[in-house]
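The structure under discussion appears below in the form of structure tokens.
We did not get these values from a lab; they are worked out from the coordinates using the rules stated. The model shown is predicted, which means the values in this text are computed figures rather than measured ones. Using ideal geometry, Cβ is built from the backbone for each residue, glycine included, and neighbour counts are taken over all protein chains shown.
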Amino acid sequence: MTTAFLLVGLTGSGKTTYASRVLEPAGVVRLSVDERVFAVHGRYGVDYPEDTYFEREAPIVAEVRAEFTALLAAGRDVVLDHGLWRRTERDTWRGLASAAGATVRLLYFPVPRAELLRRLAARNTETHANALLVTPEALDAFYTRFDPPTDEGEEIILPYAC
């Protein structure tokens with residue numbers, strides 16, 4: 001049976017690092033919304049206004065959704081490298097995976113705010129492969145849109161060295 005790994009966590013929580021260092025080497029196909037948004041539009045808050053992110057992201061999410069379901073239907077294990085901040089989003093992706101006959105593993109990356117700020121400050125100095133330039137104010141706004149998973153069968157992934 002195929003497995004769909006759904007990653008949950010705020011920006012900088014280690015989702016991409018974990019997917020790249022643990023799941024991809026095990027043969028799991030990684031699908032990253034942020035990397036595709038970056039490839040097409042550049043950096044959030046630098047190359048385009050922050051308030052246009054969701055309109056830029058929407059067609060890419062649709063593309064990833066189609067690829068996600070096709071890969072699972074073809075018998076491939078897939079990791080969705082996307083924050084899945086809202087429970088409704090997680091429910092949608094879980095439904096897609098289940099409809100494709102996959103087992104779902106919801107991996108949650110809880111990281112304290114101070115550690116996220118440290119990681120993001122370091123990451124913000126990099127100019128390649130990072131879709132998001134995240135300020136402390138942006139991180140605070142992200143928290144207002146984040147529903148930490150509770151009683152969703154989530155597996156806690158302890159902070160990964162990033």
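With a cut-off of 8 Å between alpha carbons and a minimum separation of six or more residues, what is the relative contact order of the range 3-156 in percent?
On the way: 216 pairs, mean separation 62.0, N = 154.
Dividing the mean separation by the residue count of the range 3-156 yields 40 percent.
Can you tell me the order of 12-19, 136-143, 64-71, 81-88 when each peptide is scored by its average per-residue count of other Cβ atoms within 10 angstrom, highest first? Spell out each step's value before the answer.
On the way: 12-19: 22.1, 136-143: 12.9, 64-71: 16.8, 81-88: 18.6.
Going by the mean number of other Cβ atoms within 10 Å, highest first, we get 12-19, 81-88, 64-71, 136-143.
Around residue 32, under 10 Å between beta carbons, what's the net of Lys plus Arg minus Asp minus Glu among the other residues? Charge balance in the 10 Å sphere: 0.
With respect to the chain, whose longest principal axis is taken over its alpha-carbon atoms, helix 113-124 is tilted by about 80°.
Quick check: net charge around residue 65, other residues with Cβ under 13 Å of its Cβ, Lys/Arg +1 and Asp/Glu -1? Display every interim value, and only then the final one.
Working: positive: 36, 94; negative: 57, 63, 67, 89.
My count for the surroundings of residue 65 gives -2.
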